[in-house]
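The structure appears below as structure tokens.
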Amino acid sequence: MATVVVQRPKLKWHEKWFISTLAKGLLITLGHAIAILRGKKKVTMQYPEEKWDAHLPDHYRGAPALVTDEHGRERCVSCQLCEFICPPRAITIIPEEIPSTDPWAKVEKRPRLFNIDMIRCIYCGMCEEVCPEQAIFLRKDYAITGLSRAEMVHDKKRLYEIGGVREGLVNKWNDLK
Amino acid sequence: MSNTAVTAPASPPAVDLVNVQVNGVWHKFPKGTRMIEACRQVGALVPHYCYHPKLTSPGNCRMCLVEMGMPPRPTPGQEPEKDEFGMPKIGWMPRPVIACANTVAEGQGIRTEGKLSEEVRKGVMELLLINHPLDCPICDQAGECRLQEFSVEHGNGESRFREEKVKKPKNVDIGPRIRLDDERCIMCSRCIRFTAEIADDPVLGFTERGSYTTLAVHPGKRLENNYSLNTVDICPVGALTSNDFRFQMRVWFLKETKSLCTKCGRGCNIEISSRQNEVYRQTPRENNDVNSTWMCDQGRLDFHFVNSDYRLTQPLVKKSNGHHPTTWKLAVNQVSDALRSVKASEIAVIASGRMTNEELYLTHALVKSAGIENYDVVPRTGGGDDYLRADDQNPNSNGVRAIWGAEPGAKLPKIIEGINSGAIKVVLALGENLVKAGLEKAALEKLTFLASSHILANATAELSHVVLPAASYAEKRGSMINVTGRLQRLSKAVNSPGEARDDWEILRDIILAYAGSNGIHSVEDVFKRMAGDVEIFSGLTLARIGELGVQVMETGEKVPLLERERERKAKGIIVG
């Protein structure tokens, strides 16, 4: 094996004792401090009064939520693929049959219960990826808080609240169906 | 498979073997074997929809098309060509044949892989999927759907069909337990053949032609026979779905446990599908000596009580103001104290023909150690039919005969008389609702002590001084002997709710409290001890019973459905 001889820089005594390097560092800090004090620069954000929301990237993964479409139909048909794929097993679904009086009776199936335990959720986005009905999406909400474990479980109502209406999705259950 | 099914004594005399080449390897098969079965035996699975070994083969789905060839007939004086194995060279046919309805022949060649077979499968898949809806997310069959499976294995991946799909009736109510979705139907006709050939209730048929072919019930008829749900099992797609299981749970979540149906004495082999301690469905499991591949709807749907809200979950003792929860130890001690408090002649034990052999054995051990003469099970008869259902509604009457050496119900009238007259003061009821067994509430109220073990809360539990919560058939292990004398095994699918315990554990604890240590720690120990005492079980263990059971008694009882199936098999109508 070839031996590489590394040339170490020759340090002066004040560099060896960190005297000049320390001064250099303090100078940089001082420069920033003066810039901030003069109002020329801003490095901290006053959370939660100020938020990072406007700068979130498009691929940001926040809380998963269910969506309805422009026809007012809940898109989830309760196929339970998200429940199956969910790595931390945060999702619980109990399906039910859509009654024949419902305008969307031809879809036949919908969730009776849809819970996502936000304590368990790891925001991986597998549920969105696996969904064959474009019904679950990861939103940009990240501040999911609660005072009890029960409060941290998002039920169906809450999930539709977060998700809202999403337009322009594939309408699989159109008139031709 | 630890045990292979014992075949009927009427096997064909001399088996004629023919040489058949499957995917380039020569094998020997008995003459008359269907090509599809021959391929399956050597591990070359041929995809199929309409073929079912227990039904006739109309060959209408075309999915099992394979490449076939025969040695060409030599011209006069010509020597037949041989291949490197010394077998005649095969002349491959340019067109495929169906493997399900053709039998093997000497010198035949079958190719299940290769360009021709793969292309025809692709073509058949494409045609089947032209009008098939894309509603797998709501379809109950998804996950166990042949169309899904073969679409992945042999399909195109995308559709070239740009026109509108044919619309057909959806969500059709064709019977009390079945829902039909005609768009999903691929016209394999398995259900039609089942209702006509096995259930003798031909109510299904096709109407219209071509791509408009529609499965329907005949006008004015409904698919409501007691075997209707078998059509859901054999439907390769989601056209027929069970109302009971509809939208309850996706099949990929279900854990399957091989067990027995305990609805009647037939002891049909089943798979219990459960998830997270809840039973979702029961489906038949093949056993050609018990139930073929079928079971009745009554037995299949008789599991809802396992998940019932009326389950007993704690041992209870009766005080002046009703029942109160207690500990197992106190409850069991109270029972054993009560058994000691009176003479043996004043005690009666009423057990159940629904108990396993192990439980019956321990009951017997208890009554013997206490010297109790009044013990019996409650017989139940009626409801048998000409197919699978046995007239004996207790799943383990033969266990009572084998282990107790007594006829079920022989002593019961005397016990009832004793309770009514007040001669019997202490009663231990194991898994039986005495009020339904012919006893008056007033007579039971007069008893000095009544202890009972139950699965569900009932009138007898209400009257009992001590109530012991027991496990249902899906929650315990054990063995039973069915009406034809076959020893079969129950397996545990789910856990018992709350503090409910296996009956054998309850009995063991009562024996322990009553007579002291007995060295029994597991249900295997009970079986081991029983195998030493009961002659027909000698040499057996719970593990050795296997998934398909062993014949331990000769009862002379025949299964009408199996007899007919054997007859059809002997005639070569079905593969069997």
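Of note:
- Chain B - share of DSSP beta bridges that are antiparallel (%, nearest 5): 70
- Tail beyond 11 Å, pair distance distribution of the stretch B:312-353 (Cα, percent): 72
- Summarised as an ellipsoid, the stretch B:316-560 has semi-axes of 28, 21, 17 Å, derived from the eigenvalues of the Cα gyration tensor scaled by 5 and square-rooted, with the largest first.
- Shape class of the stretch B:373-416 from the alpha-carbon gyration tensor: oblate, with a/c at 1.5 or above and b/c at least as large as a/b.
- Straight-line reach from residue B:31: taking Cα to Cα under 17 Å and skipping same-chain neighbours fewer than 8 places apart, the aspartates and glutamates in range are B:16, B:106.
- Calculated P(r) of the protein assembly as shown - Cα pairs past 40 Å, %: 53
- Near residue B:281, the amide H atoms lying under 5 Å from its own belong to B:273; only residues 5 or more places off or on other chains count, and H is placed 1.01 Å from N.
- For the stretch B:161-307, the percent of C-alpha pairs falling in each 10 Å distance bin, counted from 0 to the bin holding the largest distance, reads 11, 39, 32, 14, 3, 0.
- Computed over the stretch A:98-168: relative contact order in percent, which uses C-alpha pairs under 8 Å that are six or more apart: 33
- Computed [θ] at 222 nm, deg cm²/dmol, chain A (DSSP H ≥ 4; -39,500 (n - 2.57); rounded to nearest 500): -6500 deg cm²/dmol
- P(r) weight above 16 Å for the stretch A:89-177, C-alpha pairs, percent: 63
- Chain A: relative contact order as a whole-number percent, Cα under 8 Å and 6+ apart: 25
- With at most 11 neighbouring Cβ atoms within 10 Å, loop chymotrypsin sites (Phe, Trp or Tyr not before Pro) (DSSP) excluded, longest segment of chain B: B:311-576
- Eigen-decomposition of the gyration tensor built on the alpha-carbon atoms of the stretch B:17-113 gives equivalent ellipsoid semi-axes of 25, 13, 12 angstrom, largest listed first.
- All lysines inside 22 Å of residue B:221 as judged from Cα atoms, apart from same-chain residues fewer than 8 positions distant: B:168, B:170
- Applying a DSSP loop filter and a limit of 14 other Cβ atoms within 10 Å to the trypsin sites (Lys or Arg not before Pro) in the stretch B:376-456 leaves B:436.
- Sequence-ordered 3J(HN,Hα) estimates for the stretch B:336-344 from the Karplus curve with 6.51, -1.76 and 1.60 and θ = phi - 60° stand at 5, 4, 5, 5, 7, 6, 10, 5, 4 Hz, glycine and proline given as x.
- Note that the stretch B:521-535 has calculated 3J(HN,Hα) couplings of 10, 9, 5, 5, 4, 4, 5, 4, 5, 5, 5, x, 8, 9, 4 Hz, one per residue in order, obtained from phi through the Karplus relation 6.51 cos²θ - 1.76 cosθ + 1.60 (θ = phi - 60°); glycine and proline are x.
- The stretch B:302-441: Rg to Rh, with Rh as the Kirkwood radius over Cα pairs: 0.98
- Database note for chain A: Cys without another Cys beta carbon under 4.7 angstrom, A:76, A:79, A:86, A:121, A:124, A:131.
- Chain B: calculated mean residue ellipticity at 222 nm from DSSP helix runs of at least 4, using -39500 (n - 2.57): -7000 deg cm²/dmol
- An ellipsoid equivalent to the stretch A:40-112, defined through the eigenvalues of its Cα gyration tensor, has semi-axes of 39, 17, 10 Å when rounded to whole angstrom and sorted largest first.
- The 3J(HN,Hα) values that the Karplus relation (6.51, -1.76, 1.60; θ = phi - 60°) gives for the stretch B:447-454 are, in residue order, 4, 6, 8, 10, 10, 8, 10, 9 Hz. Gly and Pro appear as x.
- Sequence-distant contacts, meaning Cα pairs under 8 Å at least 6 residues apart, place the relative contact order of the stretch B:316-560 at 21 percent.
- Within straight-line cross-link reach of residue B:165, lysines at Cα separation under 28 Å, skipping those fewer than 8 residues along the same chain: A:106, A:109, A:172, A:177, B:122
- When the Cα gyration tensor is reduced to axis lengths a ≥ b ≥ c, the ratio a/c is 1.5 or higher for chain B, and with a/b above b/c it is classed as prolate.
- Restricting the stretch A:106-136 to trypsin sites (Lys or Arg not before Pro) in coil, as DSSP defines it, with at most 16 other Cβ within 10 Å: A:120
- Per residue Cα convex hull volume in Å³ - calculated over the stretch B:255-358: 168
- Rounded to the nearest 10 degrees, the inclination of helix B:412-421 to the longest alpha-carbon principal axis of chain B is 30 degrees.
- Using alpha carbons only, the radius of gyration of the stretch B:479-576 set against its Kirkwood radius gives Rg/Rh = 1.13.
- Note on A:154, B:218, A:55, B:465: ascending count of other Cβ atoms within 10 Å places them as A:55, B:218, B:465, A:154, the fewest first.
- Pairs over the 22 Å Cα-Cα cut-off, from the set B:258/B:436; B:263/B:446; B:436/B:492; B:263/B:492; A:51/A:156: B:258/B:436; B:263/B:446; B:436/B:492; A:51/A:156.
Coordinate-derived values only; no laboratory data. Quick caveat: nothing in here was measured; it's all calculated off a predicted structure. Heads up, the Cβs are rebuilt from the backbone with ideal geometry, glycines too, and the neighbour counts pull from every protein chain shown.
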